[in-house]
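Working notes, structure below.
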Ligand code: NDP
C-alpha cells in the first residue's frame, strides 16, 4: 500500500472540539445553539443516527431537542411540528431524518423547513444558493469531504475533480463545492461512458454511488486523492455465519496501492458528517442573530 490513510475520525474529533470551544464563546453572549432532530417511525439505522446526533450535540454544549413520532404520523401533523420548530427561537437547526415513511411526501416536508434553520442543506433555497456561490447551509457529507480535502491539500484550485454520483444529497453539492474551489469538475453517473477512463483523469476522485467496491485501483490516477463516501453493508462470512460488515464504493486494497491518499470505510467520511451537522447548527445560530461566527 502506498496511499496515506485519511483519518476522518481524528479530523471529526478535532472539528467537534473546535465547535465546542466556539459554542462556549457564544454562550458568554447568552446564546446556546439548539438542534431539533425529528424521527418518524422505527427504522433501526435512523434510530442509531439520531441517538448519535443527539449525543454529539450535547457534548458540543448545544441543546438537543428530539422528536420521535410514530410511523403512522400524518403528513399534516409532521408539517405542523416543522412549523412549530420554525417558530421556536430556541431551535437554530432542524433536521428531519430520512427516509420518511412512504405515506409522507419528503420533498414537501423538507421544503417546509425555514431555510435559515435547514442544517441538512437540502432546502431548494440552500441548494440554489450553493449553486450560485452565495453563502448557504451546505449538505453535511460533501462539506465534510471538502474539509478533509482542504486539510490535506490546502489550495485545490486547478485540480481535476471527478465526482461519481449525482444525488442532491452528495454528488451535486460536492461538485458545486469543488467548482467553488476552482477545481475542473466532472460529474459521472450511471450513464457515463467509459467510467474507468473518466475516473483516471481525476486528481480528486469522489465516489458517492452506493455500489460496494465499484471503483478499482486501475481507475485511479497514481497519486490521486480518493474520497469514498459509500456506506454499503455486505455479508462477511469470514467473520462468522450471518455476519456483515460495512464497505465503501472503492475497492480499498487496489485503490490504496495507487492513490496518494484515501479515506477508509468506516472511519473516513462518515464521522465528518455529524461533526459538520454541528458546524452547520453553529453557523445557523450565528447567522440568524446576525452574530459573527466565533473564531
Ligand atoms: P443515490 O442512490 O441517491 O445516488 C447514487 C448515484 O450513483 C446516482 O447518481 C447514480 O447515477 C450513481 N450510480 C449508480 N450506479 C452507478 C454506476 N454503475 N456507475 C456510475 N454511477 C452510478 O445515493 P447517495 O448519493 O444518497 O449515496 C451514495 C452513497 O453514499 C451510498 O452508499 C450512501 O450510503 C452513502 N452515503 C454516505 C454518507 C456518509 O455520511 N458517509 C451520507 C450519505 C450517503 P444515476 O443518477 O444515473 O442513477
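The values are calculated or read from the model by the stated rules, or taken from the named source; none is laboratory data. Nothing here was measured: the structure is a model prediction, and the numbers come from that model. Positions of Cβ are backbone-derived with ideal geometry, glycine not excepted, and every protein chain shown enters the neighbour counts.
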Checklist entry - Taking the stretch 207-218 as the search range and keeping residues that are more than 10 Å from the ligand (Cβ to nearest atom) and touching a helix residue (DSSP H, G or I) at 6+ places or on another chain (Cβ under 6 Å), which one is nearest to residue 250 (Cα to Cα)? => result 216
Next on the checklist: Quick check on residue 160: is it touching a strand residue (DSSP E or B) at 6+ places or on another chain (Cβ under 7 Å), surrounded by 15 or more Cβ atoms within 10 Å (Cβ to Cβ) and modelled with pLDDT of 95 or more?
Outcome noted: yes
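The rows are residues; the columns are (1) under 18 Å from residue 272 (Cα atoms); (2) within 12 Å of the ligand (Cβ to nearest atom).
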site: 157; (1), (2): no, no
site: 161; (1), (2): no, no
site: 164; (1), (2): no, yes
site: 174; (1), (2): yes, yes
site: 197; (1), (2): no, no
site: 202; (1), (2): no, no
site: 220; (1), (2): no, no
site: 224; (1), (2): no, no
site: 235; (1), (2): no, no
Item to check | Some residue of the stretch 96-115 being in a strand (DSSP E or B), at pLDDT 95 or above and touching a helix residue (DSSP H, G or I) at 6+ places or on another chain (Cβ under 6 Å) | outcome: yes
Item to check | Filtered residues of the stretch 1-15 (kept if surrounded by fewer than 18 Cβ atoms within 10 Å (Cβ to Cβ) and either more than 20 Å from the chain's Cα centre (by Cα) or outside any strand (DSSP E or B) (or both)) | outcome: 1, 2, 4, 7, 9, 10, 13, 14
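One line per residue, one yes/no per condition, for (1) modelled with pLDDT of 95 or more; (2) loosely packed, with under 15 Cβ neighbours inside 10 Å:
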residue	(1), (2)
44	no, yes
48	no, yes
56	yes, no
59	yes, yes
64	yes, no
77	yes, yes
82	yes, no
Item to check | Qualifying positions in the stretch 151-186 - free of Cβ contacts under 8 Å to residues at least 24 places away in the same chain and assigned to a helix (DSSP H, G or I) | outcome: 175, 179
Item to check | Residues that are under 14 Å from residue 285 (Cβ atoms) and assigned to a loop (DSSP other than H, G, I, E, B), drawn from the stretch 55-94 | outcome: 60, 61, 62, 88, 89, 90, 91, 92
Checklist entry - So residue 141 fits all but one of (1) more than 14 Å from the ligand (Cβ to nearest atom); (2) crowded, with 22+ Cβ neighbours inside 10 Å; what number is the exception? => result (1)
Item to check | In the stretch 17-48, residue farthest from residue 285 (Cα to Cα) [restricted to those that are assigned to a strand (DSSP E or B) and in contact with a helix residue (DSSP H, G or I) (Cβ under 7 Å, 6 or more places away or on another chain)] | outcome: 40
Checklist entry - Looking at (1) in the same structural domain as residue 94 (by TED's automatic domain parsing); (2) within 28 Å of residue 150 (Cβ to Cβ), which is the only condition residue 79 fails? => result (2)
Checklist entry - Which one of 224, 256, 236 is in contact with a strand residue (DSSP E or B) (Cβ under 7 Å, 6 or more places away or on another chain), closer than 22 Å to residue 202 by Cα and surrounded by fewer than 24 Cβ atoms within 10 Å (Cβ to Cβ)? => result 256
